[in-house]
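Here's a structure for you.
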Amino acid sequence: MGTDNRNNDRVDGKAKDAGVDAWEGDVVELPIDGVLDLHGFQPKEVKDLVADYIDACVERDIVEVRIIHGKGTGVLRRIVHSALQRHPSVKNFRLAGHGSGSWGATLVDLQPRTTPSP
């Protein structure tokens, strides 16, 4: 029986406070598991982080992603949605329902890769 190692892969992000002892500019490893929690990230870091995370998910054949941006003032949500609109691998996206984070999270459907994974 094989082991699924996709949770061991990481994308590096910079965080001011991501629930760990990280200071601004520190590299924080994020698991590539289909859930991206943006709490603790600065708005200026989010656009590139979302694009990199989407790329990593597509590479690992993950086609459903949940991005947690929080409710707040909506700044992160707007940045996330703008990045998703521009990303070629995004099929569609929508705010999550009540059981998945409501308007504090966005659900993303990705186009599957056209080339098989090695």
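The numbers here are math on the coordinates, done by the rules we state, and not lab data. What you see is a predicted model; the values in this text were computed from it and never measured. Cβ sites come from the backbone with ideal geometry, for glycine too, and all protein chains shown count toward neighbours.
Could you grab the relative contact order for segment 33-110? Cα pairs under 8 Å, six or more apart, rounded to a whole percent.
On the way: 122 pairs, mean separation 26.8, N = 78.
Here the relative contact order equals 34 percent.
Continuing with the same structure: Roughly what would the spin-label model give for Glu29 and Ala51, points 7 Å off Cα along C-beta, in nm?
2.5
Still on this model: Just to confirm a number: summing +1 for Lys and Arg and -1 for Asp and Glu over residues other than Ala51 whose beta-carbon lies under 12 angstrom from that of Ala51, what do you get? If you can, show how the numbers build up before the last one.
On the way: positive: Lys47, Arg86; negative: Glu45, Asp48, Asp52, Asp55.
With Lys, Arg at +1 and Asp, Glu at -1, the neighbours total -2.
Let me ask another. Each residue of segment 52-59 in turn: what ³J(HN,Hα) in whole Hz from Karplus with 6.51, -1.76, 1.60 and θ = phi - 60°, glycine and Pro shown as x?
Whole-Hz 3J(HN,Hα) from phi for segment 52-59: 5, 5, 4, 4, 5, 5, 4, 4.
With Cβ to Cβ distances under 11 Å as the rule, what net charge do the other residues near Leu36 carry (K, R +1; D, E -1)?
Net local charge, Leu36 excluded: -2.
I would also like to ask the following. For every other residue with a beta carbon closer than 11 angstrom to the beta carbon of Gly70, add +1 if it is Lys or Arg and -1 if Asp or Glu, then tell me the sum.
Summing Lys/Arg as +1 and Asp/Glu as -1 gives +1.
First obtain the Kirkwood hydrodynamic radius of segment 33-110 from its Cα pairs, then insert it into the Stokes-Einstein equation at 4 °C and 1.567 mPa s, and state the resulting D in µm² per second as a whole number. Please report the intermediate quantities before stating the final value.
Working: Rh = 12.2 Å.
Calculated translational D: 106 µm²/s.
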